[in-house]
Structure formats: C-alpha cells, structure tokens
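Structure, as structure tokens:
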Amino acid sequence: MVGSIRNELFHQAKEWILEAGEIIRQKMNEPLEVNTKSDASDLVTTLDREIEIFLITHIKQKYPEHLIISEEGYGDDLQSLDGTVWIIDPIDGTMNFVHQKRMFAISIGIYHEGVGEIGLILDVMSGILYSAKNGAGAYKNDEKLPRLNKHHSMEEAILCLNHRWLFDNDLVNEEAMHRIVNTVRGTRTYGSAALEFAYVAEGALDGYLSMRLAPWDVAAGMIIVNEVGGITTNIAGSPVHLLQTNSIMTCHPSIHRQLINDYLQS
C-alpha cells in the first residue's frame, strides 16, 4: 500500500474510532437490550450493533470498494483477503462493558492484499488509543512505544490467559497450562483480547494466550504487536488465519519459541 494512501486511511479510521468511542460514552448508561449469542457468556447489546453500523456506514460511504469483516454480521462474506479489508470489533469485551462499564475497546484492523497496514485499539473509558501503521512503529496516544528488545525468561514473564484453560477442555492440555502458570512470575486476565494485545505491545504483559479467538478479536492487535517486535502465531507456531477462528499466542520474542517447544507442543 502506498504511504500516502495508508496515511489517509489511518487518519480517517482514527477519526471514526474516536467518534465511536464518544457515542458509547454518551449512551452507555441508557437502557440497553442485552442478548446472548453462542452461550450465556457471549453477550451482545444494542450498542454493539449500533457502533458496528456506524463504522460500516462511514467506511462504505467513503470507500465503497473496500470490504469489511465484522463481529455482529453487518459486514461482507469473504473468502479471501484480496483488496482492502477492514476487520472491526465494535465493542471488544462486551461482558466487561455490561457488568463493569470499563475494560472494553473498539478495534479496527485494515489489511491490504493480506498484509496488516493499520491497527487501532481504543480503550473507550480511559480514552487511550493504541495505534500502528505498517513499518512506522506503534503508539500509545502520541507516545511511540519502544521495541521489545530486553530479554525475558519464562520465570520473569507476566502472561495473560483465561482461567478456563486450566481445567479440562477440548482445545489445550490443561496440565501444560498448569506448568506454564507454575513457571511464570504471574498471570492476569482482563476480558478484552484487543486490550490484552495492546498491553503486550506496550510491555505491560509479556504474552497472551487464548485457544479460540475470531479475526476481529486479533486483527488490529497483531499489527500493533508486530510493530514493536512482538510475535503472534497460533499455539503451534503457525501463522494466524484471518478468515477463521484461531488459537492465539502473542508475546515477547524471547519467550515465543520456549512456550511452544517446552509447553504447548504435544
């Protein structure tokens, strides 16, 4: 993607994500209809849908040739990442939004011919915007994030993972997860994949593991983490497929291979 086009898209997407965040803050205390999707913990609200429609309407009006993958189903049905594709999550961390009114984000990733060009993650309640352009570094608001150069061992690492993976499940060996938890310095869980990616990018976390995430959960975060030298793969170390659900491991480069070789390969 030509740099001037990337810059235009970045500034336009930034304007829209900030506007969307303001809409949420203004309306979040109004009565909301809350429904479930796949199970009782998979929530969607009328505001999720409203923000998605807001973003898609602006994208399609300004860039009618662009394509969209979105969580709530208002985007396009894609079989490839050909062309320019926006991958959006209107509210990432809906359970946090509904129950706690904080720790949720809007996420926008823009890909061109399969390459991640622009990533934006807005922590709505704090007003912090994490952003990146391909080859231009990553930022927390206007502060450029340093690259993840300092070596970390597993024993020094802070990892983010959902506690459900410590129990019997069909996606990962829970005994391996026990060994990870017993090795690292500490574990956390925040309930928003987008923010967990952002925290890895800024060095507040050394890694984030999840066994089942959709493209809109990870598309922006992968670009931002990549711009500071982090690595994102599935838990086998293979590339993430942005047209399907994936296991995810995004982390500091010094622990990526050790996590795979010593804990996750079976």
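To keep it simple, each residue is scored yes or no on (1) surrounded by fewer than 24 Cβ atoms within 10 Å (Cβ to Cβ); (2) not aromatic (Phe, Trp, Tyr).
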site	(1), (2)
HIS178	yes, yes
ARG185	yes, yes
TYR190	yes, no
PHE197	no, no
VAL200	no, yes
ASP206	no, yes
ALA219	no, yes
ASN226	yes, yes
THR233	yes, yes
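I'd like the full set of residues that are in a helix (DSSP H, G or I) and more than 13 Å from ILE248 (Cβ to Cβ), limited to region 195-219. LEU195, ALA198, TYR199, ALA201, GLU202, listed by residue number. When restricted to residues that are touching a Ser or Thr at 6+ places or on another chain (Cβ under 8 Å), more than 28 Å from ILE69 (Cβ to Cβ) and free of Cβ contacts under 8 Å to residues at least 60 places away in the same chain, region 228-266 contains 0.
Scanning region 144-166 for residues being under 29 Å from ARG212 (Cβ atoms), open to solvent by 90 Å² or more (accessible area, probe 1.4 Å) and in a loop (DSSP other than H, G, I, E, B) gives a total of 0. Do we find a residue being closer than 23 Å to GLY3 by Cα and of a type in the set (A, V, I, L, M) anywhere in region 90-106? Within region 90-106, none of the residues are closer than 23 Å to GLY3 by Cα and of a type in the set (A, V, I, L, M).
The listed residues are ASN96, ASN134, ASN141, and the only one of them that is surrounded by fewer than 21 Cβ atoms within 10 Å (Cβ to Cβ), within 17 Å of GLN12 (Cα to Cα) and touching a Ser or Thr at 6+ places or on another chain (Cβ under 9 Å) turns out to be ASN141. Does ARG49 meet the test of being part of a helix (DSSP H, G or I) and in contact with an Asp or Glu (Cβ under 6 Å, 6 or more places away or on another chain)? Spelling it out, ARG49 is indeed part of a helix (DSSP H, G or I) and in contact with an Asp or Glu (Cβ under 6 Å, 6 or more places away or on another chain). Of everything in region 208-217 that's in contact with a Cys (Cβ under 9 Å, 6 or more places away or on another chain) and not hydrophobic (A, V, I, L, M, F, W, C), which residue is surrounded by the fewest Cβ atoms within 10 Å (Cβ to Cβ)? The residue in question is SER210.
Of the listed requirements (1) open to solvent by 10 Å² or more (accessible area, probe 1.4 Å); (2) in contact (Cβ under 8 Å) with a residue 24 or more places away in the chain; (3) at negative phi, LYS101 misses just one: (3).
Open to solvent by 40 Å² or more (accessible area, probe 1.4 Å), modelled with pLDDT under 95 and in a loop (DSSP other than H, G, I, E, B): does that describe SER266? Yes.
The values are calculated or read from the model by the stated rules, or taken from the named source; none is laboratory data. What you see is a predicted model; the values in this text were computed from it and never measured. So basically every Cβ, Gly included, is an ideal-geometry build from the backbone, and we count neighbours across all protein chains shown. The area values use the complete protein model at the heavy-atom level, side chains included, leaving out ligands, DNA and RNA. Shrake-Rupley method; radii C 1.70, N 1.55, O 1.52, S 1.80 Å.
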